Amino acid sequence: MTTATKPDTLQNVRRLSTVLYWGCALAIIFQFFVVPIIWYVPGWIETSSSQMTVSIADLHALSGWQKYATMLVMMIPSLIMAYGLNHLRKMFRAFSRDIIFQPAPIRHLKVFGVALLVQTLAKPLTGAVTSVLATFHRPAGERMLSIGLGNAEASTLFLGALIIVIAWVLGEAARIDDENRSFV
């Protein structure tokens, strides 16, 4: 009778964390290029139109300061998410080095949760500013203020809050474990 060897859970955590570390790096790069891709790659807008508060025709009609100001405003949620993903990346780096129940990776998880909340709340606001900037050149009465909210935002807010609470619980567990070790 042979006994199956139990896989080393920490080894699996290290491997997956390394993959996710690099996955976060790719996601960060994508965050920096998503708005220019939407703007300049034909056909991309159809796949991401649910996030748009103005038409692609309005965006292509812009020039000068309006074009760059609109692009900059559209990038704000992406930059917030890149910041959060960078902290998530740091957390995975710590996990890949067996630094698990320590303050640093727990703090990185919490920062990611906060970034997720802030990005989700920023999207409707930047969408509104984008619609104003994109229609600013139109005559009075044809300008637009558009705010887009949906179920995805509500779900993402819940997820961000959940991540923050989990990070708090992990932080408290690590603190209690550290306290218990000092008694022994």
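The values are calculated or read from the model by the stated rules, or taken from the named source; none is laboratory data. In this text the structure is predicted, and so the values were computed from the model without any measurement. Glycine gets a Cβ as well: all are built from the backbone with ideal geometry, and neighbour counts include every protein chain shown. All accessible areas refer to the heavy atoms of the entire protein, side chains included, with ligands and DNA or RNA removed. Shrake-Rupley method; radii C 1.70, N 1.55, O 1.52, S 1.80 Å.
Per residue, the stretch 69-153 exposes an accessible area of 51 Å² to a 1.4 Å probe, with every protein chain left in place.
The listed peptides 24-32, 174-182, 114-122, ordered by packing as a protection proxy, come out as 114-122, 24-32, 174-182 (highest mean of other Cβ atoms within 10 Å first). When the Cα positions of 182, 163, 115 are compared along the charge dipole of the stretch 104-184, 115 comes out farthest toward the positive end, with charges on each C-beta of Lys, Arg, Asp and Glu. Here the Karplus relation 6.51 cos²θ - 1.76 cosθ + 1.60, evaluated at θ = phi - 60°, turns the backbone of the stretch 157-165 into coupling constants of 4, 4, 5, x, 5, 4, 4, 5, 5 Hz, with x for every Gly and Pro.
Remark: the residue 181-residue 149 segment gains 6.7 nm on full extension, using 0.36 nm per residue and subtracting the alpha carbon distance.
Spin-label model, residue 161 to residue 9: label points 7 Å out along the Cα-to-beta-carbon direction sit 3.0 nm apart.
The gain in end-to-end length when the residue 33 to residue 97 segment is fully stretched comes to 20.0 nm, 0.36 nm per residue minus the alpha carbon separation.
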